Amino acid sequence: MSTYIGIFFLNLFIGIILYFVLASLLMTGDNAAEEAINTFGLIIIVFLSFLIAQMYYLIHSIYLLSYLSRKL
């Protein structure tokens, strides 16, 4: 289980770093709309990181089930 938590945080940190690097290049100025976009963007990054970690878990579980069924 710790493998998938590590995958989640790795995806999360990479996504946040890339988001802020690209946001600083594309967005200039301080206004409420920009802050709202940054907030929703970070929420999307967290959800996608969780989804990626869950996909790794699902793929690994299916692989283990197919391996066990061949052994029986």
Helix 2-26 vs. the chain, principal-axis angle (Cα, 0 to 90°, nearest 10): 20
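Which values, in whole Å and largest first, are the semi-axes of the equivalent ellipsoid of the chain obtained as the square root of 5 times each eigenvalue of the Cα gyration tensor?
Computed over the chain, the values are 37, 10, 8 Å.
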Accessible-area composition of the chain, carbon plus sulfur, in percent [1.4 Å probe]: 77
Cα long-axis angle, helix 32-71 against the chain (0 to 90 degrees, to the nearest 10): 10
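Can you give the accessible area per residue of the chain, in Å², using a 1.4 Å probe?
On the way: 5880 Å² over 72 residues.
I get 82 Å² per residue for this part.
The values are calculated or read from the model by the stated rules, or taken from the named source; none is laboratory data. Keep in mind the model is a prediction, meaning the values are calculated, not measured. These accessible areas exclude ligands, DNA and RNA; they are computed on the full protein's heavy atoms, side chains included. Shrake-Rupley method; radii C 1.70, N 1.55, O 1.52, S 1.80 Å.
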